[in-house]
Amino acid sequence: MNQFISLFQASIVFGTVILFGAVGEILTEKSGNLNLGVPGIMYLGSIASLIGVFYYERYVENPIPIVCILIALVCAIIASMLGGLLFSFMTITLRCNQNVMGLAFNIFAGGFANFYGGSLNKLAGGVGQINVLATSAAFRTKIPSYQSLGPFGHLFLSYGFLVYLAIFLAFAISWFLTRTTVGLNLRSVGENPATADAAGINVTKYKYVSTCVGAAISGLGGLYYVMDYMKGTWDSDGSIEGLGWLAVALVIFASWKAPRAIWGSYLFGMLSWAYFYIPELTRSSQEIFKMLPYIVTVLVLIVVAYQHKPDNQPPNALGLPYFREDR
Amino acid sequence: MRKEPYLEQNVAIRMVDITKRFADVVANNKINLEIRFGEILALLGENGSGKTTLMNMLSGIYMQDSGAIYVKGERITIKDPHDAYSLHIGMIHQHFKLVEVLTAAENIILGLNETRLIDLKNVREQVKKICDRYGFVVDPDKKVYDMSVSEKQTLEIVKVLYRGADILILDEPTAVLTPQETDKLFVVMRNMKADGKSIVIITHKLHEVMEISDRVAVLRKGEYIGDVLTSQTDPQKLTDMMVGRSVTLNIDRPEPVNPKESLVVKNLGVKDINGVKKLENVSFTAYTGEILGIAGISGCGQKELLEAIAGLHKLEPGSSIMFYPRGNKEEGEDLAGQSPIDIKHKGVHLAFVPEDRLGMGLVGNMNIPDNIMLKCYDQGKSPFTNKKKPRQQAIEIIHDLEIVTPGLRTPIRRLSGGNVQKILVGREISSDPYLLMTAYAVRGLDINTSYTIYRLLNEQKKKGTAVIYVGEDLDVLLELCDRILVLCSGRVSGIVDGRTAKKEEVGLLMTHFKEETA
């Protein structure tokens with residue numbers, strides 16, 4: 001039982017990182033913009049929040065938890081939105097190829113984040129020395145007395161507020177897309193921008209806003225990664241990039257439906273940590289288990305392709321630039 | 001009765017000296033056009049004459065380079081589609097502007113933002129009101145991908161009416177409709193006219209112009225030629241206006257010379273991916289020096305039949321396709337089971353024009369010679385491509401079919417739809433096949449080009465080529481073809497003589513099996 005609880009908790013923490021990434025990417029992709037720069041966006045979100053609170057904790061004797069949280073959130077959101085804005089400008093206004101731009105963005109953001117991560121470590125006194133204890137603790141504050149509720153408390157209430165925020169965002173985005181007229185307009189932009197344009201929808205504006213807001217949400221994944229998953233430390237081993245790609249895979253797995261991404265992300269988490277709980281695995285056989293999420297994604301893709309159900313397909317104009325007088 | 005002169009307040013839109021250029025091409029040159037309320041105006045012109053461009057300036061897709069637009073007497077600028085809607089102008093585009101995965105109701109309210117949340121109940125009521133008023137049938141909860149072409153078009157019209165349009169522009173609305181669906185559309189159009197709305201229909205089908213319109217305005221090569229009342233003109237006069245010279249509206253049909261069996265199809269059967277029978281027990285013979293027409297309601301197996309002969313489908317056991325090049329019995333071979341490329345090398349060529357023209361056969365980003373090379377890439381000897389021959393061929397096709405293009409290097413997606421289609425058909429014809437199969441070769445083409453295509457087909461026929469012609473227009477099939485094979489739900493419901501058959505007879509055969517199974 002303890003083993004299961006521990007795996008379950010690990011899965012949720014892992015899943016929340018990619019859930020943020022995926023929910024933001026779903027919003028972006030629904031506008032027809034394929035932002036493969038999710039790993040890069042998450043890099044930006046994580047390093048920006050770390051820089052912000054590092055200076056706050058360094059110059060204030062007793063950091064106030066709520067201020068720590070606000071600084072981290074604001075820094076992460078601004079940085080990742082700027083990333084989204086850059087991506088939007090390149091692909092929407094200058095009509096660069098989205099795939100190329102997304103991949104290039106990852107290289108840029110990875111270098112950017114690791115450079116400043118290294119600098120922070122140096123400022124903090126050496127490799128692996130940076131640690132924003134107060135902020136990380138604030139983000140990991142759990143619901144009081146969850147332990148008194150037994151396994152239920154351990155399974156469902158033993159997390160920081162970002163876990164619940166991710167779930168809330170997933171449902172909110174889904175509600176926005178399916179129930180509101182603005183969401184309907186957004187979906188039409190991603191499906192058929194020429195039609196949306198003819199219906200009087202400002203395609204450029206919709207693409208910009210959804211890409212930037214989507215990036216902000218994805219960036220929260222980076223924030224959660226560094227503050228909760230890494231407990232306020234920085235490691236330039238590139239594992240955040242791997243998680244970013246998993247978030248992209250999760251979008252496909254969820255067939256562009258945010259609520260499906262919730263359980264999908266936890267499933268991915270469980271598959272990723274499974275090796276840890278299976279006894280007598282060697283170092284090399286552990287690695288095989290780490291590819292399970294990708295295998296599941298491929299299987300889902302195959303199933304979806306065979307269904308021929310248009311509702312489960314990617315947005316029709318995904319990845320294509322739009323220019324009104326083009327034919 | 002004395003004819004009332006049209007009063008100024010009756011004028012819905014007046015366009016004055018409108019000019020629009022695309023790079024070096026002048027699409028519209030100083031055009032003056034008047035659109036009136038309570039009237040159906042037909043805008044007539046050949047492909048590339050600038051009809052759609054002119055109307056796109058009213059719907060806010062393009063903006064004029066110079067000239068003025070007056071709506072209800074007021075000078076206005078239409079910057080984007082939103083402006084057009086607020087001026088009550090609605091355009092139904094040739095390529096539907098619908099989102100496939102959304103329902104009818106969702107498509108209707110797209111971009112309107114009347115409410116924050118989607119209020120489907122209200123939309124359903126409003127849609128029902130519009131439908132009852134003009135005689136439409138629309139299911140608001142049906143997804144667009146489940147709809148037939150005619151349902152989609154109805155939805156488009158309801159969509160613009162929902163937005164309060166009283167000036168409706170329909171761009172080639174009948175190009176994709178069956179005769180029955182066209183009749184239904186015309187009934188609705190008359191209802192809307194009776195309601196005081198003003199309607200512009202872009203078309204190049206003359207009998208429709210005569211049937212539905214009150215007035216005809218003619219464009220030619222971007223210039224405004226003039227307008228006439230429909231009651232005071234006839235198809236011949238209109239054609240002369242449109243083309244700028246006299247054109248005979250008769251299709252030549254020479255007698256087949258020394259016909260020999262060229263293609264003998266027996267018990268042909270094809271299933272689609274889901275195991276549904278698309279063709280069943282199809283047997284027929286095509287002769288050299290003959291045009292065999294294939295008629296049928298769309299989706300009855302015409303496409304599959306041609307593709308099966310071209311080797312693109314797995315055939316059911318028992319199917320046999322014997323092919324005798326030039327009618328030569330000794331060279332006879334069964335095409336069943338051979339690869340498409342082998343079949344092509346035997347001289348069997350297929351020119352299929354899909355609804356979107358580009359989808360099959362041409363690559364939009366490539367220029368004309370490169371597209372021609374797609375068919376002969378394997379003929380060179382060295383590893384390098386030989387562009388000389390394709391370029392020569394391209395120049396010939398451009399000349400023969402009067403293709404309008406800025407140059408050989410222009411990617412073909414930049415050309416107008418009609419020109420793209422000429423390249424597709426021209427490429428197959430120019431390669432001198434033994435068996436030429438064309439499907440919907442004149443789909444959406446203007447009269448002049450259509451007749452050029454008929455002429456080219458007849459030339460092939462005279463050379464002794466066996467021609468299979470899948471067509472949509474029964475009148476043309478009956479004028480052009482020596483024999484007509486009628487397909488119905490994937491089976492042959494009859495083969496008739498093109499010279500003696502009546503239109504009604506073929507029409508009946510087209511629906512024959514359906515009634516039986518229904």
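A few comments on the model shown:
- Of all the numbered requirements in (1) of a type in the set (S, T, N, Q); (2) more than 11 Å from chain A (Cβ to nearest Cβ); (3) touching a Ser or Thr at 6+ places or on another chain (Cβ under 8 Å), residue B:113 misses one, and that requirement is (2).
- Filtering the stretch B:121-143 for residues that are in contact with a strand residue (DSSP E or B) (Cβ under 6 Å, 6 or more places away or on another chain), buried (at least 17 other Cβ atoms within 10 Å of the Cβ), more than 8 Å from every other protein chain (Cβ to nearest Cβ) and not acidic (Asp, Glu) leaves an empty set.
- Qualifying positions in the stretch B:34-79 - among the aromatic types (Phe, Trp, Tyr), closer than 19 Å to residue B:202 by Cα and more than 14 Å from every other protein chain (Cβ to nearest Cβ): B:37
- Residue in the stretch A:238-256 that is under 18 Å from residue A:301 (Cβ atoms), buried (at least 19 other Cβ atoms within 10 Å of the Cβ), in contact with a Gly (Cβ under 6 Å, 6 or more places away or on another chain) and not hydrophobic (A, V, I, L, M, F, W, C) present: no
- Test set (1) modelled with pLDDT of 90 or more; (2) closer than 22 Å to residue B:440 by Cβ - residue B:148 fails condition number: (1)
- The set of residues from the stretch A:300-322 being farther than 14 Å from residue A:251 by Cα, more than 14 Å from chain B (Cβ to nearest Cβ) and aliphatic (A, V, I, L, M) comprises A:302, A:303.
- Any strands (runs of 3 or more DSSP E) falling wholly within the stretch B:406-518 and containing at least 3 residues that are within 26 Å of residue B:391 (Cα to Cα) and within 23 Å of the chain's Cα centre (by Cα): B:435-439
- Within the stretch A:173-223, the residues that satisfy the criterion of being within 14 Å of another protein chain (Cβ to nearest Cβ) and charged (D, E, K, R) are A:179, A:187, A:191, A:197, A:205.
- Unmet criterion (only one of (1) without any contact (Cβ under 8 Å) to a residue 24 or more places away in the chain; (2) within 14 Å of chain B (Cβ to nearest Cβ); (3) under 22 Å from residue A:102 (Cα atoms)) for residue A:255: (1)
- Condition check for residue B:329: of a type outside the set (Gly, Ala, Ser), over 25 Å from the mean Cα position of the chain (by Cα), under 21 Å from residue B:487 (Cα atoms) and loosely packed, with under 14 Cβ neighbours inside 10 Å: no
The values are calculated or read from the model by the stated rules, or taken from the named source; none is laboratory data. The model shown is predicted, which means the values in this text are computed figures rather than measured ones. Note that each Cβ is placed from the backbone with ideal geometry, even for glycine, and that neighbours are counted across all protein chains shown.
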